[in-house]
């Protein structure tokens with residue numbers, strides 16, 4: 001009996017030692033992962049946190065007059081108020097045909113509160129075509145990183161573009177012209193060019209099942225299908241949505257845009273869980289396609 005008790009104690013002691021070692025290894029692994037990615041911003045994400053109307057950062061904003069810039073029509077910069085976490089990635093966002101920055105303004109504070117500097121821009125004229133809007137998005141990023149009052153808050157190597165309608169078409173144009181961009185998200189995009197095999201920027205194409213202005217069959221789906229198969233890419237088709245759904249606060253658009261920007265601008269693999277496995281069809285998602293895993 002005494003031998004059995006002694007053996008049991010030895011087994012328990014051995015297990016405790018193994019668990020302790022395992023805990024140390026796990027802790028060291030997490031520390032190493034954190035050290036490997038200095039760009040993580042904000043707490044560990046949850047479904048609630050990426051669906052929330054605001055993230056963990058307080059947000060400030062500043063207006064940029066069209067008279068003080070060249071190459072685009074001015075706009076509004078939204079940015080995390082605190083500088084305690086260092087620099088942030090940045091995103092420029094273009095409105096669509098005949099529209100002003102007010103049509104996509106909701107994205108400014110929503111994305112900035114998750115840890116980005118966001119520039120919602122006006123275009124030179126409301127009638128500018130996608131190729132022009134693409135150039136203007138890049139001009140806006142250049143101003144943001146080189147001349148703006150918040151340039152010191154931005155990591156110039158972590159930039160992305162978004163846009164609605166012709167601004168979405170311009171997003172593709174910008175990504176084609178500047179392969180160094182880290183993320184692109186066209187929202188119900190419109191462009192006469194349907195083929196984008198040159199793009200090297202991770203791209204999330206967002207379409208709407210009820211879009212009659214830029215129907216997914218002739219815009220978003222061909223855009224997505226033409227992107228290189230080797231590219232990190234995804235196609236989100238909104239259910240019960242129209243061409244103008246991105247002009248109002250939308251939880252589904254925000255949830256997947258935040259996840260995409262975090263994953264590819266910040267290299268934050270904590271957000272991989274919301275993109276892979278591919279989201280299933282739901283009351284707000286008609287279809288979702290992609291080439292998981294992004295971590296490969």
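Bear in mind that the values in this text are calculations on the coordinates, not laboratory data. Owing to the predicted nature of the structure, the values given are computational and were not obtained by experimental measurement. Counting neighbours? That spans all protein chains shown, and the Cβs are built from the backbone with ideal geometry, glycine included.
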Alpha-carbon spread of the stretch 225-291, three principal axes, descending order, Å: 30, 24, 20
What angle, in degrees between 0 and 90 and rounded to the nearest 10, separates the Cα long axis of helix 251-265 from the longest principal axis of the Cα atoms of the chain? 70 degrees
Length-normalised contact order of the stretch 59-290 in % [C-alpha pairs under 8 Å, at least 6 apart]: 16 percent
Thinking of the chain as a set of Cα atoms, what percent of all their pairs are more than 25 Å apart? 47 percent
What do you get for Rg/Rh over the stretch 40-155 if you use C-alpha atoms and the Kirkwood form of Rh? 0.99
Helix 2-36 sits at what angle to the longest principal axis of the chain, using alpha carbons and giving 0 to 90 degrees rounded to 10? 20 degrees
Footprinting proxy, 255, 262: sorted fewest to most Cβ within 10 Å, the residues are 255, 262
Binned Cα-Cα distance frequencies in the stretch 149-214 - 10 Å width, integer %: 22, 48, 23, 7, 0
Can you show me the helix-derived [θ] at 222 nm for the chain, built from DSSP H runs with n ≥ 4 at -39,500 (n - 2.57) apiece and divided by the number of residues, rounded to the nearest 500. -10500 deg cm²/dmol
C-alpha long axis of helix 130-146 to longest principal axis of the chain, angle in °: 60 degrees
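Rank the residues 275, 192 as a footprinting-exposure proxy: fewest other Cβ atoms within 10 Å of their Cβ go first.
Working: 275 22, 192 9.
Result, fewest neighbours first: 192, 275.
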Counting only DSSP beta bridges with both partners in the chain, the antiparallel fraction in percent, to the nearest 5, comes to 40 percent
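Would you mind ranking 294, 243, 219 so that the residue whose beta carbon has the fewest other beta carbons within 10 Å leads the list? Write down the numbers at each step before the final one.
Values: 294 18, 243 22, 219 25.
Going from least to most buried by this count: 294, 243, 219.
In terms of the ratio Rg/(2.2 N^0.38 Å) built on C-alpha atoms, what value belongs to the stretch 101-244? Please list the in-between numbers first.
Working: Rg = 14.5 Å, N = 144, 2.2 N^0.38 = 14.5 Å.
Dividing the Cα Rg of the stretch 101-244 by 2.2 N^0.38 Å gives 0.99.
Could you give the semi-axes, largest first, of the ellipsoid that matches the stretch 53-108, computed as the square roots of 5 times the alpha carbon gyration tensor eigenvalues and rounded to whole Å?
23, 15, 9
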